[in-house]
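To start, the structure itself, in structure tokens.
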Amino acid sequence: MRHFWGVLSRQRHQMLAGQGVRLDRATLGYWVRRAAWWLRPLYEKLLRHIRSRPVVFCDETPLPRLDPGRGRTKTCQLWSQAVDERPWQGPSAPAVAYVYAEGRQTAEVQRQLSGFSGILQVDGYQAYKSLAKPSRSAEPIQLAFCMAHARRKFVDVYATTKSAVAQEVISRIAALYALEARINGQPAPVRHAVRQAEARPILEALRPYLLGVRAQISTQAGLAGAIGYMLNHWDGLCAYLEDGRIAIDSNVVERSMRPIGVGRRNSLFAGSAAGGEYWAILSSLINSAKLNGIDPQTYIADVLERLVSGEITINRIEELLPWAWKATREANLLERAA
């Protein structure tokens, strides 16, 4: 934990020093840890809210953690779970929450999503597929796969071989994305109807085309690998045709990983498992605030003041979720203006 908070403390120390304020870095690090402690119940509420939604995006990214016994870092993970219902006019505000874990094994994602039932939009990582097995004791999960991942494999093939087949597949997928751009922000029934009329014929023609090409090329070819990936994930890639709430890809959650990547480049690693957990808490609330058009510093400062003062107790913690906080703040501003 020390290294992560040390980087934050150093950055804040430099900012304050530039304004003529000098504080010990150890004091700043302690403040950050205490802030995460106070914010944990709100973070847990945010995570429960996300997992209660009918469509959730999930992804994971490496987070190195210092492993003192070995004198080096261990590769741990930050799992991201996100919701964004704006493309289909859903009722929920956008949100993202990160979960620190020591690994990315199947058991870990099963633990995190043990109570979730609904549609999970993911890449083709094998651990996610275990959630859709009939033997799962909890309510069923439907997997929707990411068209961007399938497209990326053909882009890689075209970049190295200039394959006409790869170019053709990329062109057909581009037509699907052009259609999505047209219906973005429309109600789910409208999106479903348009996809049935226009996207389904494109995909119904694409599958036999891929099967025909695969039968004529070496299984060792890069193109065969790209085709195999798409065919092996076909049902999940086409799931969005049947439900207007499903996205064509999982770019929502991939975008949520970008701030984590920036922080990782600055901090390099977490110093302990506790540091990784605090990283997840703060990143979840900061990035959810950003998704809702809120200045994170203003939001976190106000939330901490209300929690520490006792103005908001644990049984009212949902009032501090970013979208609820924003709605209350805007209502108060309108009342004052009147």
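The values are calculated or read from the model by the stated rules, or taken from the named source; none is laboratory data. Everything numeric here is computed off the predicted structure, so don't read it as measured data. Because the Cβ atoms are built from the backbone with ideal geometry, glycine has one as well, and the counts that use them run over all protein chains shown. The area values use the complete protein model at the heavy-atom level, side chains included, leaving out ligands, DNA and RNA. Shrake-Rupley method; radii C 1.70, N 1.55, O 1.52, S 1.80 Å.
Here the 3J(HN,Hα) profile of the range 77-84, calculated from phi with Karplus coefficients 6.51, -1.76 and 1.60 at θ = phi - 60°, is 9, 10, 8, 10, 10, 9, 10, 8 Hz, Gly and Pro shown as x. The H on the amide N of residue 116, modeled in the peptide plane, is under 5 Å from the matching H of no residue at least 5 residues off or on a different chain. Here each label is just a point 7 Å from Cα along the line to Cβ, and for residue 234 and residue 112 those points are 3.0 nm apart.
Taking label positions 7 Å along the Cα-Cβ direction at both residue 335 and residue 218, the computed distance is 7.3 nm, reported to one decimal. Evaluating 6.51 cos²θ - 1.76 cosθ + 1.60 at θ = phi - 60° for every residue in the range 280-287, the Karplus couplings come out as 5, 4, 5, 5, 4, 6, 5, 6 Hz, glycine and proline recorded as x. Rolling a 1.4 Å probe over the protein heavy atoms gives the range 103-199 an accessible area of 49 Å² per residue. For the range 46-131, trypsin sites (Lys or Arg not before Pro) are listed when DSSP marks them as loop and at most 11 other Cβ atoms sit within 10 Å of their Cβ; the list is 70.
Scattering from the range 183-252 was approximated by placing one identical point on each alpha carbon and applying the Debye formula without solvent; log10 I(q)/I(0) at 0.17, 0.19, 0.27, 0.28 1/Å stands at -0.69, -0.79, -1.17, -1.22. Converting the Cα gyration tensor eigenvalues of the range 73-228 into ellipsoid dimensions via √(5λ) gives semi-axes, longest first, of 30, 24, 15 Å. Once the chain from residue 34 to residue 328 is taken as fully extended at 0.36 nm per residue, the excess over their C-alpha distance is 103.3 nm.
In a fully extended conformation the segment linking residue 174 and residue 130 would gain 12.8 nm over its present Cα-Cα distance, using 0.36 nm per residue. Computed over the Cα atoms of the range 128-201, pair by distinct pair, the Kirkwood hydrodynamic radius stands at 14.8 angstrom.
Modelled this way, with points 7 Å down the Cα-to-C-beta line, the labels at residue 207 and residue 297 are 5.4 nm from one another.
For residue 74, the residues 5 or more places off, or on other chains, whose built amide H falls under 5 Å of its own are 65, 66, 67.
Calculate what fraction, in whole %, of the accessible area of the range 30-125 sits on carbon and sulfur atoms when a 1.4 Å probe is rolled over the protein chains. C and S fraction of accessible area: 51 percent.
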